[in-house]
Amino acid sequence: MNLNSSTTEVKGVSAKNSQLLEKLNIYTIRDLLTYFPVRYLDTSNVTLIRDLVLGEQEDDLYLLKANLTEFRSTYIKGGKTLQRGIIEDHSGNIQVSWFNQNFLKNALKVDNEYYFYGKVNKKGNRISFYPRTFEKVTENIKNIHLGRIVPEYKLTNGISKKVFRRWINNALADINNIDINEELVGYVELPLDVKKSLSIIHFPEDFEILDSALRTLSVYELVHVYLKLLKKNEMNVGLKSPTILPTFNPDSIFTLIKSIINFELTLDQEKIIESILKDIKKEDLINEIVQGDVGTGKTVIALAASLAMAVNGYQTALLAPTTILARQHFNTFNSLLSKLKITVELVSSENKKNQPAQILIGTSAIMARKNNLINNLGLVIVDEQHKFGVNQREDLLKPLALPEKSMPHFINMTATPIPRTISQIIFGDIELQTIKTKPKGRLPIKTLLVPEPKREDSYEWIKQALNKGEQVYWICPLIVESENLQAKSAISTQKELQEYFADYNIGLIHGKLKEAEKSQIMSDFSENKINLLVSTSVIEVGIDVANANIIVIESAERFGLAQLHQIRGRVGRSEKQSWCLLFCGKNISDSSLERLKFLSKNSDGMEIAEFDLLNRGPGEIYGTQQSGVPDLKIAKLDNLNTVQNAKIIAEKIWKKGVRSLDLFN
């Protein structure tokens, strides 16, 4: 047996079982051993029967170690069954009860000792113990389900917790016969070796040794991720960048940009534009992320880079995740660059007749029509790349059919803040540029948590703002009502608001509308024909209406903090004071309330992202399939030193010829 062996080599795993495991992406022994617990249940403390106390809370659970002295199963009304028994330890005895668990007649044997884990309850004058689970105590055999720290896994239908633990235990029983390379020995001092760590991570004796196993395997996984990054960098060596005219002068681009905009560039904008123009001039292939909080002015950077490529005879493609955002970019670019006779074309599913232009702005429709539109492409700009459902620059550029070893410059613009630990491990091959300063005169958005009793007061306050000619966004997490989720829907909210704000034009926009409808609604809102716009998170990215200074977010606890921060950024686009009102559900949890309080007190996107990372993890914030965040099995990205040390180790062993780590291969 080795790490690449099929799971069917594990005792108890049949061919049918292996098909169930494949639903969890478990195909090999390696996959099984690195399918780590999502949590642990501490059932190591045994309670004596005499010390049992009636629990008031649902989680008042006890572990008993006792002999089963009596057992019977009887039929009750409706053809159902009731199982009862008596268990005892040296301190006393108690009745145990189950409902409709007929299999226990064969599973439990009188005069055997068991662990019973469950709750104490009282019915009438009788106190009974209701086990949720049990496990037989066998001399000289360690229990794996109870009487210890128990691993809990995320499983699929058809695989029970007990069965999966048994498979893991059977695989670990043969671990000494499995060859596992330990490539980091001699490069870093780790608490445990790999095999010991694997055994402990699944069945820890205590939490202290569990922490040592976590640290060991985390380092291995982070180093493995860095090795993959180094491999990718090696593949990019020798890529050619667009050839630039000898007469190109970056200063001339600054002069042109300043002649067509009606605002003063911030220091951060100037610095990043200067850096990009310098790289274009030197013919250094640009592969970078321009990260800027909502409202910091990333679009002008895209404008400057596109202009530089146009004057050098190259085409730019700007990809946006939605037609609404693409149209907004097109309107901005076209109105400014038409003065310089630069051609700009909007490419979308609703606009079928396009001509090649110096700057193409659109959705993924650009890639679908590459044969007719792409000609001498020099720059690709992607706005909010993770919204496209792809995670690598190569994936976006592949459809553009570029010549061998030739690559256009690539810029990813994002308002999703990227914590340093994330950027280190995902974007190690990409330069990260950050805009920190906002345009002059912008006031911080005031964010308020609105309790349900204050809802009508807030409606009255909003009505006063509408009377002054201001506009309002009203965001809901759902399009229609859901039986499974207690959350506000956009359609029902619009109907409610039409009654309260009867004197105003209330619009509705959501993802299921046709593109033409969405474009018309946003156009009407931009022209103040719609006073209050009810929407789902379809307006999360990039929408810019300066007269909208209030945004209401219904069922705010249903959104992640990073997403709430993005949505909040739809206001605050003028010099007027802007407001964000967070309405919460009646049954909001304490943890959700704490998250919203943090958001209400913080306007720095990076601080919000760091907080979200610690509390929810990268996959939930960015979406592992969409953003490029590695789908880490055990490592966490909340410690910059650990991430940086893993990078150093990876670079050392790379020089020694190591290209991957056996365990995470």
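If you plug the beta carbon distance of L104 and D193 into 1/(1 + (r/R0)^6) with R0 = 45 Å, you get a FRET efficiency near 0.60.
Subtracting the Cα-Cα distance of K652 and K529 from 0.36 nm times their residue separation leaves 38.1 nm of extension gain. In order along region 128-137, phi translates into HN-Hα couplings of 10, 10, 10, x, 8, 7, 8, 7, 5, 8 Hz, rounded to whole numbers, per the Karplus curve 6.51 cos²θ - 1.76 cosθ + 1.60 with θ = phi - 60° and x for Gly and Pro.
Can you tell me the convex hull volume per residue for region 1-96, based on C-alpha atoms, in Å³ to the nearest whole number? Please list the in-between numbers first.
Values: hull volume 21.2 nm³, N = 96.
Convex hull volume per residue, Cα atoms: 221 Å³.
Among the chymotrypsin sites (Phe, Trp or Tyr not before Pro) found in region 493-591, not one is both in a DSSP coil and sparsely packed, with 11 or fewer other Cβ atoms within 10 Å of its Cβ.
Local charge for T69 was computed over the other residues whose Cβ lies under 10 Å away, with Lys and Arg +1 and Asp and Glu -1, and equals -3. Computed over the alpha-carbon atoms, region 110-256 gives an Rg to Rh ratio of 1.30, Rh here being the Kirkwood radius from the mean inverse distance. Residues whose amide H falls under 5 Å from that of K240, counting only those 5 or more places apart or on a different chain, are S406, M407, with hydrogens built in the peptide plane. Across region 182-250, counting alpha-carbon atoms alone, Rg and Dmax equal 21.4, 71 Å.
Quarter the surface of the alpha carbon convex hull of region 75-146 and you get the mean projected area, 6.0 square nanometres. Roughly what angle does helix 515-526 make with the longest principal axis of the chain, taking Cα atoms, 0 to 90 degrees, to the nearest 10? Compared with the principal axis, the helix lies near 70 degrees. Find which of G569, A15, T216 sits farthest along the positive direction of the dipole of the chain, computed with +1 on the beta-carbon of Lys and Arg, -1 on that of Asp and Glu, about the Cα centre. Final value for the positive-end residue is A15.
If only the Cβ of Lys and Arg carry +1 and only the Cβ of Asp and Glu carry -1, the dipole of region 279-383 around its Cα centre is close to 440 debye.
Taken about its Cα centre, the chain carries a charge dipole of roughly 1120 debye when the Cβ of each Lys and Arg holds +1 and the Cβ of each Asp and Glu holds -1. Think of region 1-125 as a dipole: +1 on every Lys or Arg Cβ, -1 on every Asp or Glu Cβ, centred on the Cα centre; then among S97, N112, A66, S97 lies furthest on the positive end. Note on S259 and N112: the extension gain reaches 44.0 nm, defined as 0.36 nm multiplied by sequence separation minus the Cα-Cα distance. Axis angle, to the nearest 10 degrees, between helix 455-467 and the longest C-alpha principal axis of the chain: 10 degrees.
Loop-located GluC sites (Glu not before Pro) across region 1-74 with a Cβ neighbour count of 11 or fewer within 10 Å are E56, E58, with loop assigned by DSSP. Here K463 is the anchor, and the aspartates and glutamates within straight C-alpha reach of less than 13 Å, apart from those fewer than 8 places off in the same chain, are E499, D503. About its Cα centre, the dipole of region 315-373 is roughly 120 debye, where the only charges are +1 on Lys and Arg Cβ and -1 on Asp and Glu Cβ. In degrees between 0 and 90, to the nearest 10, how far off the longest principal axis of the chain does helix 161-173 point, with axes built from Cα atoms? The angle comes out at about 90 degrees. Take the Cα radius of gyration of region 204-344 and divide it by 2.2 N^0.38 Å, N being the number of residues; the result is 1.49.
Mean projection of the Cα convex hull over all viewing directions, computed for the chain: 36.9 nm². When only alpha carbons are used to place a centre, region 101-158 and region 274-294 end up 62 Å from one another.
Solvent-accessible surface (1.4 Å probe) assigned to T133 amounts to roughly 40 Å².
Of the cross-linked pairs K271/K353; K370/K514; K162/K656; K232/K601, which ones have a Cα-Cα span greater than 32 Å in the structure shown? Spell out each step's value before the answer.
Numbers: K271/K353 38 Å; K370/K514 24 Å; K162/K656 43 Å; K232/K601 40 Å.
Cα-Cα > 32 Å for K271/K353; K162/K656; K232/K601; rest within.
What does the C-alpha gyration tensor say about the overall shape of region 228-281? Classify as rounded when a/c is under 1.5, otherwise prolate if a/b is larger than b/c, or oblate. Walk me through the numbers on the way to the answer.
Values: a/c = 4.33, a/b = 1.84, b/c = 2.35.
Taking the square roots of the gyration eigenvalues as a ≥ b ≥ c, region 228-281 is oblate.
The values are calculated or read from the model by the stated rules, or taken from the named source; none is laboratory data. Since we're looking at a predicted model, the values are computed, not measured. Positions of Cβ are generated from backbone atoms using ideal geometry, with glycine treated the same way; all protein chains shown enter the neighbour counts. Surface accessibility is based on the protein's heavy atoms, side chains included, excluding ligands, DNA and RNA. Shrake-Rupley method; radii C 1.70, N 1.55, O 1.52, S 1.80 Å.
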